[in-house]
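Q: Please read through the structure below; I'll follow up with questions.
The values are calculated or read from the model by the stated rules, or taken from the named source; none is laboratory data. All values derive from a computational prediction rather than experimental measurement. Positions of Cβ are generated from backbone atoms using ideal geometry, with glycine treated the same way; all protein chains shown enter the neighbour counts. For the accessible areas, the whole protein counts, side chains as well, though only heavy atoms, and no ligand, DNA or RNA atoms are used. Shrake-Rupley method; radii C 1.70, N 1.55, O 1.52, S 1.80 Å.
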Amino acid sequence: MKQDPFRYIFRFCCDPGFNDEAEIPALLRYVDEARIDDVAVFANVEEINTGHMTAKEQDVYLLMMRRIGALLAEKGVTMSVNQWHSVMHADLGKSLRDDQPFRRMVDAKGSEAALCVCPLCGEWQRYIGQIYARYAALEPSILWVEDDFRLHNHDPLHWGGCFCSEHMRRYSARAGKPLTREEFIAGVLRPGPPHPYRRIWLDVSRETMLEAARAIAKAVRTVSARPKVGLMSSAPHVHAAEGRDWPALLHTLAAGQPPVDRIHLPGYQEQSPAQYLHGFNMVSMLTRAMLPPETEVYPELENFPFGLYSKSRRFTRFQLLSALPLNLAGITLDLYDLNGNGIVWEEDYQTMLRETKPCLNALAETGVFRGERLGVRVLYSQNSSDTLHTAAGASMEELYPHEGFFAALLPALGVPYAYCDTAELTGQIVAAGGQVLRNWNEAELARLFQNNFVILNADALWTLCDMGLGHLAGAERVRWLRQNSGAYAYEQVTNGRRYCGRENARASAVISCSDVLDVTYLPGEDVCEYTALFDSFRRRAACGQTVVGGRVLIYPFGNFDAPTAMPPMLLNAMRAAVLHDVLRAAGAPFPLVPDAPYLEPYCFEQSGAMAVYLVNGSADSVPAVRLRMPRTRAGARAEIWRSDRGAPESVRCSREGDVLTLCAGLGAMETLLARFPNEKNQSPLLGGTDNAG
């Protein structure tokens with residue numbers, strides 16, 4: 001039976017002995033009505049979790065899974081297994097049983113968990129391996145490892161672990177002397193340049209999770225070579241603080257099969273589409289960049305705490321459509337309570353899923369999302385926790401990199417981007433945030449600035465100056481101006497150009513903005529100031545957005561509260577217009593979306609042709625899609641697929657100056673894929689007939 005290009009994996013909670021006789025027939029009906037391709041059957045999940053399950057408890061789930069798997073096979077639908085716990089998410093009032101001699105996780109303050117275990121514990125590794133081996137005997141499609149497979153976030157522990165006796169022994173061995181927990185943590189978090197203990201922490205933490213992954217994978221492969229082993233992953237900036245090596249971990253779990261990951265999608269509860277896309281670009285897209293390219297990705301779409309009170313059908317559909325730039329094999333669906341309530345037909349998610357599936361299949365089948373990403377290269381590194389400098393040295397959260405800022409800002413302002421983990425670039429427009437530049441040496445950074453147009457936010461420029469390399473950006477010295485201190489109140493255009501139809505256009509810079517970096521530029525440097533900061537008395541306080549030497553844009557805002565913070569004051573029409581002006585002057589070879597807030601572009605190269613996937617994160621519709629498009633990349637027609645229409649279309653394009661207008665509109669929370677064939681290949685990607693509207 002031919003598989004759909006885009007697979008729905010339905011995560012199914014059934015409480016054996018309570019609702020199985022009603023819910024298994026309901027599942028079979030749901031599979032048909034929602035066009036489900038795979039069912040991931042939960043075991044020992046959430047509210048009905050009894051702790052680390054016993055073999056007897058697992059027997060009950062195995063019996064049910066065999067029954068479900070046979071019934072699904074008759075429909076040509078595969079079955080997966082969603083074991084809900086490994087290390088365990090949290091204690092939740094439970095503890096280990098008398099016959100479970102597992103070493104428990106210990107946090108930085110010396111508190112010991114009652115249920116959450118240390119992943120280095122040999123007894124637990126044998127236990128969890130046996131759990132997965134028994135599932136593997138069912139020959140499921142995917143065996144899922146949940147996101148509790150991590151060191152952080154194990155309530156009631158403070159941050160997480162592990163600082164148990166075995167881990168302290170390993171830390172001490174690497175340090176070459178006995179270490180107390182307090183001494184070791186003080187070194188890990190020491191302000192300023194990283195102490196050698198930081199490297200020990202990250203190396204041992206990475207090895208800990210790889211060792212646990214090998215135990216699971218080896219046990220599975222001893223039984224069967226067929227099942228894939230998939231991982232649910234959390235926010236990458238947090239995993240960085242525990243030294244995660246994404247390719248090594250995914251390949252270790254895969255053990256010969258293709259790696260599989262269930263990327264976290266933000267928005268467990270409904271929020272504005274624009275806010276959702278901030279998190280999607282900072283977390284989900286960054287995770288995808290860190291995974292091996294060949295990874296099968298099925299993001300986690302979850303409506304916790306479930307039901308239409310948590311999330312509407314319309315927003316759930318928006319999540320399905322907007323996730324496509326992740327280059328997906330499909331998606332996992334967690335839509336109903338995990339307490340034994342079963343499928344809630346009245347909420348009618350099944351109709352939305354059925355009606356959306358043809359669009360998802362068609363868009364996935366184009367292959368566009370497998371193409372090379374085009375746009376501003378946003379720098380990141382999975383190893384940034386190794387190199388960043390802490391400020392206070394007081395918490396593990398200080399090890400979180402702040403590198404996703406531009407990945408949220410740029411698309412919200414109509415600029416495509418692509419994550420990039422190398423500084424070996426030439427002829428690109430590159431953006432750096434946080435302390436990401438510490439991952440490269442002076443020679444590498446010199447080449448980066450010499451060969452590319454580089455955008456720096458305040459944190460990145462501060463970092464560059466702290467490294468003694470401010471001259472690469474033309475900066476002599478810098479100092480922080482604090483938000484709401486009275487030092488500045490607004491940003492004003494100072495280059496004599498009109499933006500948003502205004503002379504000397506202004507944008508607010510108080511309350512919901514950020515700190516600002518006051519930059520003194522090197523004498524004789526070619527400084528082209530676009531804006532400046534002023535205080536409430538109209539006195540100039542600092543340079544604003546400034547292009548230095550025609551090769552560096554200083555974006556002076558920074559010192560954000562959290563790795564996923566996006567100050568709303570920075571999302572502004574004037575700032576978008578200035579940014580577009582700068583990028584056009586820098587020769588941006590990719591399209592920009594003007595005058596359409598939150599119409600977010602994802603740009604791809606496919607067989608010499610350019611494709612743009614537009615996601616409308618606004619509650620307003622767009623009457624006609626407009627793109628600032630390089631003349632060499634588009635002709636008189638475009639091939640499009642709109643998510644609210646049932647067929648592909650070929651539409652006319654008109655050009656005025658550098659703005660290309662498609663004879664196609666886009667509704668709120670809808671998407672549009674537009675492909676512009678190159679001159680040598682005008683055959684349509686999507687087919688279909690001429691349509692002017």
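Q: Count charges around residue 330 for me, please; just the other residues with Cβ under 9 Å from its Cβ, Lys/Arg as +1, Asp/Glu as -1. If you can, show how the numbers build up before the last one.
A: On the way: positive: 7; negative: 4, 37, 38, 296.
Local net charge: -3.
Q: Based on DSSP, what percent of beta bridges with both residues in the chain are antiparallel, to the nearest 5? Mind dumping the intermediate values first?
A: On the way: 63 of 109 bridges.
The answer is about 60 percent antiparallel.
Q: Continuing with this model, one more query. Please state the Cα pair-distance histogram of the stretch 450-507 with 10 angstrom bins from zero: what percent is in each bin?
A: 18, 31, 39, 11, 0
Q: If you don't mind, another one. Compare the peptides 363-369, 455-461, 439-445 by average per-residue count of other Cβ atoms within 10 angstrom and give them in order, highest first.
A: Values: 363-369: 19.6, 455-461: 26.3, 439-445: 15.1.
Put in order of decreasing packing, that is 455-461, 363-369, 439-445.
Q: In vacuo Debye scattering of the stretch 503-568, one point per C-alpha: log10 I(q)/I(0) at q = 0.18, 0.21 Å⁻¹?
A: After summing over all Cα pairs, the log10 values are -0.77, -0.98.
Q: Also: Regarding the stretch 5-79, what are the three Cα extents along the principal axes, ordered largest first, in Å?
A: Principal extents (Cα only, largest first): 37, 23, 18 Å.
Q: How high is the relative contact order of the stretch 249-295, in percent, with contacts defined as C-alpha pairs under 8 Å that are six or more residues apart?
A: Details: 30 pairs, mean separation 20.9, N = 47.
Relative contact order, the stretch 249-295: 45 percent.
Q: Using a 1.4 angstrom probe with every protein chain in place, what is the largest-first accessible-area order of 374, 592? Working shown, then result.
A: On the way: 374 25, 592 5 Å².
Highest to lowest solvent-accessible surface, that is 374, 592.
Q: Another one. Give the peptides 411-421, 223-233, 534-544 in descending order of average Cβ contacts within 10 Å, highest first. Write down the numbers at each step before the final one.
A: Working: 411-421: 22.9, 223-233: 20.1, 534-544: 16.2.
The peptides rank, most packed first, as 411-421, 223-233, 534-544.
Q: Hey, could you grab the Kirkwood Rh for the stretch 234-294? Inverse mean 1/r over distinct alpha carbon pairs, Å, one decimal.
A: Values: mean 1/r = 0.0792 Å⁻¹.
Averaging 1/r across every pair of different Cα atoms and inverting gives 12.6 Å.
Q: Further question: Reachable lysines from residue 228, Cα under 30 Å, same-chain residues fewer than 8 places away excluded?
A: Excluding near neighbours in sequence, the set is 2, 56, 75, 218, 357.
Q: When the accessible area of the stretch 222-277 is computed with all protein chains present and a 1.4 Å probe, what percentage of it is carbon and sulfur? If you can, show how the numbers build up before the last one.
A: Numbers: 830 of 1580 Å².
So the carbon and sulfur contribution to the accessible surface is 53 percent.
Q: Can you run phi through the Karplus equation (6.51, -1.76, 1.60; θ = phi - 60°) for the stretch 505-517 and list ³J(HN,Hα) in whole Hz, with x for Gly and Pro?
A: Values, residue by residue: 4, 10, 9, 5, 9, 10, 6, 10, 10, 6, 5, 10, 9 Hz.
Q: Could you work out, for the stretch 115-189, what percent of all Cα-Cα pairs fall into each 5 Å distance bin, beginning at 0 Å and stopping at the bin that holds the largest distance?
A: Computed distribution, short to long bins: 3, 12, 18, 19, 17, 13, 8, 6, 3, 2.
Q: Turning to a different aspect of this structure: Hey, any idea what % of the stretch 61-177's accessible area is carbon plus sulfur with a 1.4 Å probe?
A: Numbers: 2090 of 4380 Å².
Roughly 48 percent, rounded to a whole number.
Q: Once you compute Rg and the Kirkwood Rh from C-alpha atoms, what is the Rg to Rh ratio for the stretch 308-457?
A: Working: Rg = 20.6 Å, Rh = 18.8 Å.
For the stretch 308-457, the value is 1.10.
Q: Based on the Cα gyration tensor of the stretch 555-620, what are the three equivalent ellipsoid semi-axes, each the root of five times an eigenvalue, rounded to whole Å and given largest first?
A: 24, 16, 14
Q: Next question, about the same structure. Which one of 19, 195, 65 has its Cα pushed farthest toward the positive end of the charge dipole of the chain, where Lys and Arg give +1 and Asp and Glu give -1 at the Cβ?
A: Sorting the options by dipole projection puts first 195.
Q: Extent of the stretch 460-558 along each principal axis, from alpha carbon coordinates, in Å, largest to smallest?
A: Ordered largest first, the stretch 460-558 gives principal extents of 36, 29, 19 Å.
Q: In what sequence, highest mean first, do 386-392, 208-214 appear when ranked by Cβ atoms within 10 angstrom? Intermediate values should be presented prior to the final figure.
A: Working: 386-392: 16.7, 208-214: 20.4.
Taking the mean over residues of other Cβ atoms within 10 Å, the ranking is 208-214, 386-392.
Q: With a 1.4 Å probe and every protein chain kept in, tell me what percent of the accessible surface of the stretch 405-501 is carbon plus sulfur. Can you show the working numbers first?
A: Values: 1460 of 3430 Å².
Carbon and sulfur together cover 43 percent of it.
Q: While we're looking at this one, here's another question. Just to be sure I understand the curve: with the Debye formula and one point per C-alpha of the stretch 218-364, what is log10 I(q)/I(0) at q = 0.21 Å⁻¹?
A: -1.31
Q: Which log10 I(q)/I(0) values does the chain give at q = 0.06, 0.09 Å⁻¹ under the Debye formula, counting every alpha carbon as one identical point scatterer?
A: -0.37, -0.83
Q: Where does the charge balance sit around residue 462 when Lys and Arg score +1, Asp and Glu -1, over other residues with C-beta under 12 Å from its C-beta? Don't skip to the answer; put the middle values down first.
A: Numbers: positive: 438, 477, 479; negative: 459, 466, 515, 518.
Charge balance in the 12 Å sphere: -1.
Q: Next question, about the same structure. With the other protein chains left in place, how much accessible area per residue, in square angstrom, belongs to the chain at a 1.4 angstrom probe? Can you show the working numbers first?
A: Numbers: 25070 Å² over 693 residues.
I get 36 Å² per residue for this part.
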